[in-house]
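Let me begin by presenting the structure, written as structure tokens, before commenting on it.
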Amino acid sequence: MRELQDKINEETIEAYGQAGFERWRNQPYRGEPSGANYEGASTGGCGDTIWIYLQIEDDTVVDAGFATDGCGSSAISGSMAAELAVGKRCEDLAAITGETVLEGLGGPGLPEDDRHCAWLAANALLEAVGSYYRQMAARPEQD
């Protein structure tokens, strides 16, 4: 069993690099934060869906999380997109693209066949911030 696990770990490090491997094993930002008040989702042609959850206060992301029903590449992409969002003002989230997610992963990033997962995560993030802006636009004017 140990040999099999070692082989899986080696193949994962080769595909994602050491930083991607650590993110795959630990998945920071996994789950919905207790204070999340906005969410977005994106589903790819592969069938994977990534959900991004944001806790926004005073137009700034104070916490974020993700969930996925997809592969390891979806998980590390969702994790990275959530991490990139924390501490940013909502207006700055539009600058987070699939390429930004890949750059954040460093190293090989994702296998070529899975690179679309980075764009799924970025799109889910845009959907989440879009839900924030839709809710803000629906609020009555304050005097």
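The values are calculated or read from the model by the stated rules, or taken from the named source; none is laboratory data. Please read all numbers here as calculations on a predicted model, not as lab measurements. Here Cβ is always computed from backbone atoms with ideal geometry, including for glycine, and neighbour counts include all displayed protein chains.
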Inset, instruction - State yes or no: is Asp59 without any contact (Cβ under 8 Å) to a residue 60 or more places away in the chain, over 12 Å from Leu125 (Cα atoms) and either touching a helix residue (DSSP H, G or I) at 6+ places or on another chain (Cβ under 8 Å) or not aliphatic (A, V, I, L, M) (or both)? - result: yes
Legend entry - Residues located in segment 15-56, provided they are in contact with a Phe, Trp or Tyr (Cβ under 9 Å, 6 or more places away or on another chain), among the acidic types (Asp, Glu) and in contact (Cβ under 8 Å) with a residue 40 or more places away in the chain: Glu39
Inset, instruction - Please enumerate the residues belonging to segment 10-40 that are touching a Leu at 6+ places or on another chain (Cβ under 7 Å) and hydrophobic (A, V, I, L, M, F, W, C). - result: Ala19, Ala36
Inset, instruction - Using the structure shown, decide if Glu83 is acidic (Asp, Glu) and under 13 Å from Gly35 (Cα atoms). - result: no
Inset, instruction - Search segment 118-143 for residues that are closer than 27 Å to Ala75 by Cβ and of a type in the set (Ser, Thr, Tyr) and pair each with any residue that is part of a helix (DSSP H, G or I) and at pLDDT 95 or above when their beta-carbon atoms are under 7 Å apart and the residues are at least 6 apart or on different chains. - result: Tyr132/Cys90
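Yes/no matrix, rows are residues, columns are (1) of a type in the set (Asp, Glu); (2) farther than 17 Å from Ala128 by Cα:
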{"site": "Glu3", "(1), (2)": "yes, yes"}
{"site": "Ala15", "(1), (2)": "no, yes"}
{"site": "Glu32", "(1), (2)": "yes, no"}
{"site": "Ala41", "(1), (2)": "no, no"}
{"site": "Gly45", "(1), (2)": "no, yes"}
{"site": "Gly65", "(1), (2)": "no, no"}
{"site": "Ile76", "(1), (2)": "no, yes"}
{"site": "Ala82", "(1), (2)": "no, no"}
{"site": "Gly87", "(1), (2)": "no, no"}
